[in-house]
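Presented below is the structure to which this report refers.
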Amino acid sequence: MFDAKQAPPPCIYLLGDHLDAILAAGEDLMATRLILAPPTVGGGVVELEARQTALASFISRLRTLEAALVARVLQARRRAEEVPRPDAHMKPLISLFLSGTAILLDAVEEYGDPSGIAFHAGADGFYFLRDRGLIAPDAASLPVTGSLAADDSYVIVGRVSLGPLMDLTSTFLDALDMRFSLYDDEIEDHPERPDPSAAAAALVARRTAAERDAVAASRPQLVAEALDALYRPR
């Protein structure tokens, strides 16, 4: 069991850094947007090429951020498994994080086989957009006008929704911070660590007022909801 009066082991700080990077990559994903301007009379080939270039850039950035997020998830899983004898407060959260992100391991193995990707869809941008939930499953082209943006429903590597994954990660990071005061400069200033169940309240505070009124669950319940959303059929 951890001694609250001593500095946590290095793997705790590394774990916190990876969790924070997951959240940052997720926020960057949700800030990525493609504006679809309506076609103009006489735009011709130049306008079509500009549209295709913008689409390619949009997809490229999504792929890059998604790969960075998944890489951080894998590193966070590795560091979580290195945590020595977690205490009663942290052990359930570590187990839930590991189980909630296990589905990404299969995706990584599949993406490590270029021949399988090439045979299945190759670099087809429309397949990527459909697989991530940005356009309808039966859509053969982009909408004429409007915009495309990754939101909470964006499906990471076609496996898990971004929103629930962010909630799970945020809850885990909040619990680590409450337990070890990761972002405090002086460890000795806080000989007593608060119960990390307060991390659930921090997660609830991020939600809208209507959602906050409807949520009165403990931390394990919140994480269980996130896991249920991760595995819920789409």
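Exactly one residue out of 19, 98, 105, 93 is closer than 18 Å to residue 168 by Cβ and touching an Asp or Glu at 6+ places or on another chain (Cβ under 9 Å): that is 98. Checking each residue in the range 18-56 for being surrounded by 13 or more Cβ atoms within 10 Å (Cβ to Cβ), touching a Ser or Thr at 6+ places or on another chain (Cβ under 6 Å) and more than 30 Å from residue 74 (Cβ to Cβ) picks out only 36. For the range 60-82, the condition of being more than 30 Å from residue 96 (Cα to Cα) and touching a helix residue (DSSP H, G or I) at 6+ places or on another chain (Cβ under 9 Å) holds for none of the residues. Inclusion of residue 47 among residues that are acidic (Asp, Glu), more than 27 Å from residue 164 (Cα to Cα) and part of a helix (DSSP H, G or I) is warranted. Does residue 66 satisfy the criteria of being among the acidic types (Asp, Glu) and touching a residue at least 12 places away in the same chain (Cβ under 8 Å)? Yes.
Residues are listed down the side, and each one gets a yes or a no for (1) exposed (fewer than 12 other Cβ atoms within 10 Å of the Cβ); (2) under 19 Å from residue 15 (Cβ atoms); (3) modelled with pLDDT under 90:
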{"residue": "152", "(1), (2), (3)": "no, no, no"}
{"residue": "162", "(1), (2), (3)": "no, no, no"}
{"residue": "173", "(1), (2), (3)": "no, yes, no"}
{"residue": "179", "(1), (2), (3)": "no, yes, yes"}
{"residue": "201", "(1), (2), (3)": "no, no, yes"}
{"residue": "204", "(1), (2), (3)": "no, no, yes"}
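Tallying residues that are under 22 Å from residue 150 (Cα atoms), in contact with a Leu (Cβ under 8 Å, 6 or more places away or on another chain) and among the hydrophobic types (A, V, I, L, M, F, W, C) within the range 60-79 yields 6.
Against the definition (touching a strand residue (DSSP E or B) at 6+ places or on another chain (Cβ under 9 Å), surrounded by fewer than 17 Cβ atoms within 10 Å (Cβ to Cβ) and touching a residue at least 12 places away in the same chain (Cβ under 8 Å)), how does residue 59 come out, yes or no? Against the criterion (touching a strand residue (DSSP E or B) at 6+ places or on another chain (Cβ under 9 Å), surrounded by fewer than 17 Cβ atoms within 10 Å (Cβ to Cβ) and touching a residue at least 12 places away in the same chain (Cβ under 8 Å)), residue 59 does not qualify.
Would you confirm, using the coordinates I've provided, whether residue 135 is surrounded by 14 or more Cβ atoms within 10 Å (Cβ to Cβ), at pLDDT 85 or above, β-branched (Val, Ile, Thr) and outside any helix (DSSP H, G or I)? When the stated conditions are applied, residue 135 passes them. Scanning the range 33-40 turns up no residue that is within 30 Å of residue 109 (Cα to Cα) and of a type in the set (Val, Ile, Thr).
The values are calculated or read from the model by the stated rules, or taken from the named source; none is laboratory data. Here the structure is a predicted model, which is why all the values come from computation and not from measurement. Neighbour counts run over all protein chains shown; Cβ positions are idealised from the backbone, glycine included.
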